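Student: The structure is given below, and queries will be raised subsequently.
What follows draws every value from the coordinates through simple rules; no lab data is involved. Everything numeric here is computed off the predicted structure, so don't read it as measured data. Cβ: placed from backbone, ideal geometry, glycine included. Neighbour counts: every protein chain shown.
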Amino acid sequence: MVEPAGDAHQPRRHRRRPPGSSVSGDERLQDVAAQLQHASQLDARRSARELARLERGSIGLADRFAGNGGTQVRLTLITGGVLRGTVAEVGADWVTISDGDAATLVRMDAVQIATGLSQRSRGADGFDRRSLRSVLSDWEESRRAVVVAAGVQTLRGRIAAVWADHLDLRGDQRGADLLAIPFSAIATVASVSR
């Protein structure tokens with residue numbers, strides 16, 4: 001029988017690690033696996049952030065109003081006026097803000113700043129399908145008294161007719177002129193009680 005070289009009663013020595021290395025091969029593999037998993041999670045978070053950013057890029061102000069029905073808002077308008085109230089109805093290019101019994105139809109292009117909107121949104125399915133012209137025609141039919149903010153002017157009267165791109169407003173005074181006001185000049189149309 002051949003005896004092993006050296007003393008058989010001495011403990012076995014562990015393999016030496018390469019100089020400068022303090023981890024085993026298994027530990028290195030585990031570390032690489034953890035790094036890959038972490039990188040994958042970072043990629044997933046980056047992808048989710050990128051997807052959210054791209055989605056936000058397709059959401060307009062009307063979508064935000066539609067997702068905030070019943071919310072109290074404060075609107076600063078291009079006329080310099082400020083309107084406070086509750087989001088009542090939303091169309092593709094208009095929003096109605098109510099304050100008690102009064103309602104104000106606001107052209108979306110007339111909003112400079114909207115305060116109070118959450119980040120909720122709804123797509124076109126959340127919109128009233130009526131056009132601005134259609135809503136104004138309904139107001140004409142109801143014969144309600146209105147105040148029209150057009151540029152720096154505030155005009156009181158009743159909507160006498162609604163055309164393709166403008167409305168006729170009959171002033172309050174007897175014999176008042178009929179005013180033709182292009183939709184593009186209108187910031188708001190507010191219903192008023194008499």
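Student: In Å and from the alpha-carbon atoms only, list the Rg and Dmax of the chain.
Tutor: Computed over the Cα atoms of the chain, radius of gyration and Dmax are 34.3, 133 Å.
Student: Something else: If R₀ is 41 angstrom, what is the calculated FRET efficiency for the pair S184 and A48, using the beta carbon separation as r and rounding to 0.05?
Tutor: Using R0 = 41 Å, I get an efficiency of 0.55.
Student: Given points 7 Å out from each Cα along the Cα-Cβ axis, report the I113 to Q153 separation in nanometres with one decimal.
Tutor: Each label point lies 7 Å from its Cα, and together they span 2.9 nm.
Student: Can you list residues from other chains, or at least 5 along the same chain, whose modelled amide H is less than 5 Å from the amide H of V192?
Tutor: Answer set, sorted by chain and number: A145, V146, V147.
Student: First select every other residue whose beta carbon is under 11 angstrom from the beta carbon of Q72; then total the charges, Lys and Arg +1, Asp and Glu -1.
Tutor: The answer is +1.
Student: When the helix-only estimate is applied to the chain (DSSP H runs of n ≥ 4, each -39,500 (n - 2.57), divided by the residue count), what is the mean residue ellipticity at 222 nm, nearest 500 deg cm²/dmol? Provide the component values of the computation, followed by the final result.
Tutor: Working: 3 runs with 49 residues, N = 194.
Value at 222 nm, helices only, nearest 500: -8500 deg cm²/dmol.
Student: While we're here: In what sequence do V152, V146, V32, V192 fall when counting other Cβ within 10 Å, fewest first? Don't skip to the answer; put the middle values down first.
Tutor: Working: V152 7, V146 22, V32 10, V192 13.
Fewest-to-most Cβ neighbours within 10 Å comes out as V152, V32, V192, V146.
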